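Next up is a structure, given as structure tokens.
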Amino acid sequence: MSWPHAPAHHFVYGNTFFITGATHHKQQLYRSAAAMEELQELLFAKAEQHECGLQAWSLLSNHYHLIARGDGDNVRRMVTRLHTEAAIALNRRDGARGRQVWFQFWDKTLTFERSWLARLHYTHENAVHHGIVDDARRYRWCSASWFERAATPAFAATVARVKIDTVKVYDEFSCAGFAGDTKAAATPPHS
């Protein structure tokens, strides 16, 4: 049953999913490089543990976007464990025991190639969209630089050409004051 106060999560076996997660009250809880690094490493570990192939990711101070492929139940478990373990780690780091860190997440099964390509591009460019960096490849907590290295030049060019100005994504977040980093992104597991 879907409840009106929370998004329904309809995970299907062996699909590709676009996921957006948000912190509680859109608080910018991940403001330090150390906290962001810990969140990214945990994401990679949970993706590997739950056999989810990360195709794109963008982690910001109060939300994230992911594209993951895998068994629907595994993807759901990955996100749930990510939220639980990330909250525990951040609260330990900040000395804020019991604080609610994550609010919820939204997911969309990507069934059309054009939709998938647009969301790949959108996710890679999310730090630019929020004004954190001018070049997504310089933001270390997103997949833009990794994708440029890992994808064939033809595929990278195809994704870069896809228009994203009309993509409908829940992304009503302000990330003002968050400082990006110029180091390249790490390589995810199961890529």
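I want to verify the translational diffusion coefficient of the range 62-128 in µm²/s; compute it with Stokes-Einstein, Rh as the Kirkwood radius over Cα pairs, at 4 °C and 1.567 mPa s. All intermediate terms of the calculation are to be shown ahead of the outcome.
Working: Rh = 13.9 Å.
Answer from the Stokes-Einstein relation: 93 µm²/s.
Now for a separate question. Can you list the residues, at least 5 places off or on another chain, whose amide H is less than 5 Å from the amide H of Asn15, using H built in the peptide plane?
Counting only residues 5 or more places away or on other chains, the set is Gly70, Gly72.
In addition: Need one word for the range 1-160: rounded, prolate or oblate. Basis is the Cα gyration tensor (sqrt eigenvalues a ≥ b ≥ c); a/c below 1.5 gives rounded, then a/b vs b/c decides. Could the numbers behind the result be given before it?
Working: a/c = 1.71, a/b = 1.19, b/c = 1.44.
Oblate, since a/c reaches 1.5 and b/c is not below a/b.
Quote to one decimal, in nm, the extra length available between Phe103 and Ala34 on full extension: 0.36 nm per residue of separation minus the C-alpha distance between them.
22.7 nm
Quick note: the coordinates plus some simple rules give every number you see, no bench work behind them. Not measured: the values here are computed from a predicted model.
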